[in-house]
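Asks: First, the structure itself, so that you have it in front of you.
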Amino acid sequence: MSIPGFDTPRAAERRRVFDKLERRLVRLALAAPEDREMRVRVDKLRYAISFARLTVVRNADGSEVDLSGVQALHANRIRDLLSPHLIDKEDLREALRQTDEAVHHTLAARRSVLEHMPLSRDALEAEVSEKLLLVASAGGGGVGYVYPGAFDTLDRAGLEPALMVGTSIGALMSMFRAKRRRFDLAALVAAARTLSWSKVFRVLESENRYGLPATLRLYLRSALGHLFEEDGRPLRLSDMEIPLYTVTTGITVDALKHDLHFYESFLSADVQTSRSSRAQAGLRAMSILREFLSSPDALKEIVLGRTPGTEDFDTIDAAGFSAAIPAVIHYDVLRDDPRMTALLDALYATYGITRLGEGGMVSNLGTRIAWESAAAGLIRGRRNCFVLGLDGFAPSPMTRLAWFPFQQLVRQSNVNRDRQFADLYVPFPRTLSPLNLVPPVQDAMQAIRWGREEMEPHVPLLKRMMSPVPTLVDPTRPAE
């Protein structure tokens with residue numbers, strides 16, 4: 001569901017070229033022998049690029065100043081000055097030779113903006129110099145056990161996300177990360193030790209109200225609910241210390257090709273507790289997902305936590321619906337909970353949906369959702385961001401040949417589109433099987449190690465990109 005009043009393609013056209021210029025500059029600088037003079041010039045160019053990227057800046061009093069019009073000519077000048085060297089040829093030396101000219105134009109533009117626009121200097125410098133780290137974690141069943149390893153690596157490097165976006169298993173893992181500002185990996189591992197297939201899933205008939213019927217019932221609240229409560233009250237998305245957006249799919253009547261009983265009984269003969277039977281069921285379920293993906297206009301993107309009216313969604317329920325795969329996993333709110341039922345009834349009526357389910361059908365990698373949320377000013381009122389996309393379900397024919405066709409289908413359906421909004425995209429070639437939804441602890445720990453190992457080489461880039469950019473000193477105003 002798009003953000004009301006915000007034009008994502010237009011904002012991306014205006015800002016993403018500068019995101020690319022800054023990334024390329026930092027990558028080239030990290031690969032080159034660096035001395036103090038070079039570091040100073042790189043920082044000056046980063047400031048110039050970031051200043052050219054400005055569109056809207058929020059003052060401390062909440063008022064917003066739109067600079068996109070008055071900045072357009074300057075932005076084009078900086079883009080034309082640096083693109084030939086950073087994008088066309090990747091020539092760091094030639095890019096650094098443009099520093100003095102870029103600084104000259106940037107200082108002139110800054111003086112003009114501060115003299116003619118109702119904008120505070122502090123707000124301007126904060127927007128130019130400081131970035132928000134946004135982390136989007138993709139769906140894919142058991143592949144998602146690598147994500148805690150990546151989260152732990154970021155935390156150890158002192159890199160705290162300003163937003164977590166999760167789809168399916170990515171939502172489940174992200175809710176553990178978002179609960180506290182400092183990541184508590186031990187709590188997640190302790191939770192994994194208590195889980196078993198029989199505690200998390202059951203095969204039995206039950207009522208369905210908000211979720212699409214399926215063979216397996218996901219009992220997420222009974223399995224993990226005690227970890228997401230405070231003073232006897234379930235934690236809501238608005239309670240997370242790090243903002244959390246959970247991607248779900250609003251399913252309209254037009255998306256349903258069969259009656260509801262078909263989805264409930266589709267895998268009844270296949271789903272047992274053995275690994276081989278679950279593998280057979282998983283492969284059969286691909287045909288149902290293909291049906292839904294073939295009708296994208298009948299599916300609606302519902303971002304729980306961002307979509308108006310969902311800010312106070314129960315965290316466990318949000319993750320449960322995001323992971324509810326049609327015909328495979330059913331999640332629902334059937335308990336006596338007037339607050340959540342009223343919220344869901346209003347959501348369904350407002351957006352014309354009949355069921356809520358697996359977020360991967362509309363956005364398996366939520367990097368676009370993360371970027372546009374920041375670009376629209378929804379995250380601390382700031383728009384300067386770095387988007388990290390974690391994808392355990394990336395196509396990998398060498399390790400998961402049976403899943404390769406479906407991974408490609410998901411990529412073509414929405415991942416390729418959304419991946420363009422990632423400043424750093426990290427696929428994970430080593431993961432558990434997508435069907436290993438409740439792995440033994442030793443398997444989960446192995447996946448966590450894989451996640452750490454895959455994330456570690458990217459830490460230098462992340463730390464450099466997230467480091468504050470020094471403010472440019474204006475020699476014509478030495479008192480500043």
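The values are calculated or read from the model by the stated rules, or taken from the named source; none is laboratory data. As the structure is a computational prediction, the values presented were derived from the model and not from experiment. For neighbour counting, all protein chains shown are included, and Cβ atoms are generated from backbone atoms with ideal geometry for every residue, glycine included. For accessibility, only protein heavy atoms count, side chains too; no ligands or nucleic acids. Shrake-Rupley method; radii C 1.70, N 1.55, O 1.52, S 1.80 Å.
Asks: Please give the peptides 65-76, 430-441 ranked by average Cβ packing (other Cβ atoms within 10 Å per residue), highest first, as a rough proxy for protection.
Replies: So the peptides 65-76, 430-441, ranked by packing, come out 430-441, 65-76.
Asks: Continuing with this model, one more query. Can you find, among 62, 33, 415, the residue sitting farthest towards the positive end of the charge dipole of the chain, where Lys and Arg contribute +1 and Asp and Glu -1 at Cβ?
Replies: The one lying farthest along the dipole's positive direction is 33.
Asks: So for each of 55-62, 358-365 I average, over its residues, the number of other beta carbons within 10 Å; can you give me the resulting order with the highest mean first?
Replies: 358-365, 55-62
Asks: Determine the gain in length on full extension of the stretch residue 198-residue 420; use 0.36 nm per residue of separation and subtract their C-alpha separation, reporting nm with one decimal.
Replies: This chain segment gains 76.0 nm when fully extended.
Asks: Let me check against my output: what whole-number percent is the relative contact order of the chain, with C-alpha pairs under 8 Å and at least 6 apart?
Replies: Dividing the mean separation by the residue count of the chain yields 23 percent.
Asks: Take the Cβ-Cβ distance between residue 189 and residue 219 as r, set R0 to 22 Å, and report the resulting FRET efficiency rounded to the nearest 0.05.
Replies: Approximately 0.60, to the nearest 0.05.
Asks: Using the heavy atoms of the protein chains alone and a 1.4 angstrom probe, what is the accessible area of segment 304-454 per residue in square angstrom?
Replies: The answer is 32 Å² per residue.
Asks: Here are a few candidate values for Rg and Dmax of the Cα atoms in Å: (1) 23.6, 69; (2) 23.5, 78; (3) 44.1, 190. Which one was actually calculated from the structure I just gave you?
Replies: So the calculated entry is the one marked (2).
Asks: What accessible area, in Å² to the nearest ten, does a 1.4 Å probe give for residue 345?
Replies: Only protein atoms counted, so the area is about 80 Å².
Asks: Cα axis of helix 441-455 to longest principal axis of the chain: angle in degrees, 0 to 90, nearest 10?
Replies: Long axis of 441-455 versus the principal axis of the chain: about 20 degrees.
Asks: Could you order peptides 135-144, 301-310, 455-464 by the average number of other Cβ atoms within 10 Å of their residues, highest first?
Replies: The packing order, highest mean first, is 135-144, 301-310, 455-464.
Asks: I'd like the orientation of helix 72-83 relative to the chain: the angle between its Cα long axis and the longest Cα principal axis, in ° from 0 to 90, rounded to 10.
Replies: It is inclined by approximately 90 degrees.
Asks: Which whole-Hz ³J(HN,Hα) couplings does segment 132-140 yield from phi under the Karplus relation 6.51 cos²θ - 1.76 cosθ + 1.60, θ = phi - 60°, glycine and proline marked x?
Replies: With the stated coefficients, segment 132-140 comes to 9, 8, 10, 10, 10, 10, 7, x, x Hz.
Asks: Moving to a separate point now. So if each residue of separation counts as 0.36 nm, and I subtract the Cα-Cα distance between residue 207 and residue 456, what length gain in nm does that give?
Replies: Taking 0.36 nm per residue and subtracting the Cα distance, the gain is 85.1 nm.
Asks: By the gyration tensor of its Cα atoms, with a ≥ b ≥ c the square roots of the eigenvalues, what is the shape of segment 306-428: rounded for a/c under 1.5, prolate for a/b over b/c, or oblate?
Replies: Oblate, since a/c reaches 1.5 and b/c is not below a/b.
Asks: Tilt of helix 36-52 relative to the longest C-alpha principal axis of the chain, in degrees (0 to 90, nearest 10)?
Replies: That works out to roughly 70 degrees.
Asks: Further question on the same structure: Rank these by accessible area, largest first, 1.4 Å probe: 265, 322.
Replies: Reading off the accessible areas and sorting them downward yields 265, 322.
Asks: How much of the accessible area of segment 108-221, probe 1.4 Å, is carbon plus sulfur, in whole percent?
Replies: C and S atoms contribute 51 percent here.
Asks: Determine the calculated [θ] at 222 nm for the chain from helices alone, applying -39500 (n - 2.57) to every DSSP H run no shorter than 4 residues and normalising by the residue count; nearest 500 deg cm²/dmol.
Replies: Taken over the chain, the calculation gives -13500 deg cm²/dmol.
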